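Reviewing the structure listed below.
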Amino acid sequence: MFKKIFKFQSGYVIIEIVGKNKERFVNMCLTNGFRIWDVTPAKNGLVMKIRNADFLKIRRLVRKCKVRIKILEKYGAGVFVKKHRYRVMVPVTGLLVCIYFLIVPQYIWCVEIEGAKNADTEKIEKILLDKGVYIGARKKNIADLGEIKNAVIFGDEEVNWAWLYLEGAKARLVVQERTPPPAVYDKTTPTTLIAGHDGFVRVAEVRRGERRVVAGDTVSKGDVLVSGKVAVFHEGYPEKYSYVNSDARIIADTVHTKTGEFSAKETLRIRTGQKKRRVSFQLFGKEYTPFGSADEAFPECDVITRNYDATVPIFGYLGFGMSIHDVYEIKEHKNVLTEDEVLARAKEKLEERICKEVGTEAQKTEEKLTYSVDGDTYTVTLRINFRENIGIKIPQEE
């Protein structure tokens, strides 16, 4: 099917070859790399199909082989357009189709939430709706993406990190849930529960196993909280133990600290106000730039591209589309951030690193940001206190 579409796109000619050296002519066409197919004998010679671009190059071979060529039929997009150029409905229909495909991608027609296994998707959908992200919403009316991220993170306790991506007519929200402890052991495998982080125990609910800590104890990372080796003998009798899959809920106050270096200097790309627009077309995986490439508009530039893929319900992508490139001339400038700006950026990055190592049922109780300055470099330390489940299962040793 695709071969037929490509042939129609490029166009081809059905020709009849007459003469004594018609077989030699066909062989020379193949030797010269001409695209020919469907070679069949006819009453006066041979009939074959040849691509339009190659048909214009066979005159030399015709003279050399002393054959005569007769055009029987022409096919292709160019022939179709020329044949129907006086029919009004054809360009009108084409114009309506173009308008349809230019308007539809300006709206959100699909909203996806990825990574939400335990999080309340209905609550997240309501947050997105309040921020203007819903099916049929106009993309330019959507709120700031950073604001949407914060609303999702603080609106659902199960969400650790989130970001909204606008991909054409699709809004894709990616969420990362709070990391649960590894659940790699079944209930028949003997395990021991150890501390995944230093902390002060607030709750110690033991369901299975031998308790090693109680509320009020201070533990270090790696300390045994609940042992899977349980004594089942009385004093004065031979030692005897039962091995179980330990299970408990150990909630502790923990402190997570991260440090990083951040520069107050940055390079800004400032737009000069000069703007050009370039349009490119995509057709079955190939891109055509009849008005010039966007990267060549200015020596230094930023390019904002809007892609419009031709898609329809059921059939999906039709194999063609267009891109509008808004090209802005830029000049690079050195900028020095204020202290508040550096600390705000540092806090966001360090907080993201800390959240990746926090256990289940984590609740933030306190945070503190400290820093020191050496020239243009800030050394920033973020300390966050959590109340979390610190238990991690490991295999029980004999």
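The values are calculated or read from the model by the stated rules, or taken from the named source; none is laboratory data. Just so you know, these numbers come straight off a predicted model, no measurement behind them. Glycine gets a Cβ as well: all are built from the backbone with ideal geometry, and neighbour counts include every protein chain shown. Note: accessible area is taken over every heavy atom of the protein model, side chains too, but ligands, DNA and RNA are not part of it. Shrake-Rupley method; radii C 1.70, N 1.55, O 1.52, S 1.80 Å.
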What's the number of the only condition in (1) assigned to a loop (DSSP other than H, G, I, E, B); (2) within 25 Å of Ser242 (Cα to Cα) that Val226 fails to meet? (1)
Got a number for residues in the stretch 247-292 being in contact with a Ser or Thr (Cβ under 6 Å, 6 or more places away or on another chain), modelled with pLDDT of 85 or more and of a type in the set (Asp, Glu)? 1
Exception for Gly222 within (1) on the phi < 0 side of the Ramachandran plot; (2) under 40 Å from the mean Cα position of the chain (by Cα) falls at (1)
Every residue in the stretch 207-223 that is at pLDDT below 90, part of a strand (DSSP E or B) and buried (at least 17 other Cβ atoms within 10 Å of the Cβ), please. Glu210
What pairs can you find where one residue is in the stretch 28-56 and under 14 Å from Glu73 (Cβ atoms), the other is of a type in the set (A, V, I, L, M) and loosely packed, with under 11 Cβ neighbours inside 10 Å, and their Cβ atoms are less than 9 Å apart, with a gap of 6+ or different chains? Phe55/Ile71
I'd like to verify a number: residues in the stretch 128-160 that are of a type in the set (S, T, N, Q) and closer than 22 Å to Arg306 by Cα, how many? 1
Inside the stretch 324-398, counting only strands (runs of 3 or more DSSP E) that do not spill past its ends, which hold 1 or more residues that are open to solvent by 90 Å² or more (accessible area, probe 1.4 Å)? 360-374, 377-389
For the stretch 244-263, pairs from a residue that is touching a residue at least 12 places away in the same chain (Cβ under 8 Å) and of a type in the set (Ser, Thr, Tyr) to a residue that is open to solvent by less than 10 Å² (accessible area, probe 1.4 Å) and not in a strand (DSSP E or B), with Cβ under 7 Å and 6 or more apart or across chains, are Ser246/Gly228; Thr254/Ile390
For the stretch 40-62 the number of residues that are in a helix (DSSP H, G or I) and closer than 12 Å to Lys22 by Cα is 2
Which members of the stretch 293-323 meet the condition of being modelled with pLDDT under 85, open to solvent by 70 Å² or more (accessible area, probe 1.4 Å) and part of a strand (DSSP E or B)? Asn307, Asp309, Tyr317, Phe320
